[in-house]
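Asks: This is the structure, below, for whatever I ask next.
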Amino acid sequence: FDLGGIARDLREKIILRTCVITENEYEFNLHKQTISLKMGLTNAQVQDILNKVLNPDIWSVSELSVLRFLDALLINSTVEDEIFREINLYYTESEIIVITMLIGFYKTVSMLVEVSRPDMDRYSL
């Protein structure tokens, strides 16, 4: 997922939102403390991504389309036609595949964290 299929900041936004939706506090904490700001997210975005309803003033329309797509996949396990049409306005088929694989990978990470139950950590920056 790091080979340029999607922008670094978008990748990080997808990871954080997946952590929020899957209730993976451990991985969210790790990313927030170590890499999220380095990947181009703002403090406001890191905070807002925790909200059920995102503030449209701090996200681009293309980012919101991805985050709605992500929410639909993880919450409903289905993507309504409207959401699918919207994401297709901004991303190619191959980018949508990479986005979907990234969401699935971090869903798997959340399951691994759930069964391994690691202690929360304070990471060095």
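Asks: So what is Rg over Rh here for the chain, counting just Cα atoms and using Kirkwood for Rh? Could the numbers behind the result be given before it?
Replies: Numbers: Rg = 14.0 Å, Rh = 14.8 Å.
Expressed as Rg/Rh, it is 0.95.
Asks: Once Lys and Arg get +1 and Asp and Glu get -1 on their Cβ, which of I96, L74, N24 lies farthest toward the positive end of the dipole of the chain?
Replies: N24
Asks: Hey, another quick one. Return the calculated 222 nm mean residue ellipticity for the chain, to the nearest 500 deg cm²/dmol, obtained by summing -39500 (n - 2.57) across DSSP H runs with n ≥ 4 and dividing by the residue count.
Replies: -19000 deg cm²/dmol, from helical runs alone.
Asks: Here is a follow-up. How much length, in nm to one decimal, is gained on full extension between R8 and T100, taken as 0.36 nm per residue of separation minus their Cα-Cα distance?
Replies: Contour length minus Cα-Cα distance gives 31.6 nm.
Asks: Moving on. Find the lysine pairs in the chain meeting two conditions, Cα atoms under 16 Å apart and a separation of 8 or more places or different chains, and report how many there are.
Replies: Close lysine pairs under the 16 Å cut-off: 4.
Asks: In Å², and per residue, what accessible area does the chain have when probed at 1.4 Å with the other protein chains present? All intermediate terms of the calculation are to be shown ahead of the outcome.
Replies: Values: 7450 Å² over 125 residues.
Solvent-accessible surface per residue comes out at 60 Å².
Asks: Treating the beta-carbon of each Lys and Arg as +1 and of each Asp and Glu as -1, no other charges, what is the dipole magnitude of the chain about its Cα centre, to the nearest 20 debye?
Replies: 300
Asks: Just to confirm the number: angle between the C-alpha axis of helix 93-116 and the first principal axis of the chain, 0 to 90 degrees, nearest 10?
Replies: Taking the Cα atoms of the chain, the angle to 93-116 is about 30 degrees.
Asks: Give me the percent of accessible area attributable to carbon and sulfur for the chain, probe 1.4 angstrom.
Replies: Looking at the chain in its full context, I get 54 percent from C and S.
Asks: If each of N29 and K52 carries a label point 7 Å out from its Cα toward its Cβ, how far apart are those two points in nm?
Replies: 2.5
Asks: Quick one: what Rg and Dmax do you get for segment 63-117 from the alpha carbons, in Å?
Replies: Using the Cα atoms of segment 63-117, the pair Rg, Dmax is 12.4, 39 Å.
The values are calculated or read from the model by the stated rules, or taken from the named source; none is laboratory data. Because the structure is a prediction, the values reported are computed rather than measured. With ideal geometry, Cβ positions are generated from the backbone for all residues, glycine too; neighbour counts draw on all protein chains shown. The accessibility values were calculated without ligands, DNA or RNA, using every heavy atom of the protein model including side chains. Shrake-Rupley method; radii C 1.70, N 1.55, O 1.52, S 1.80 Å.
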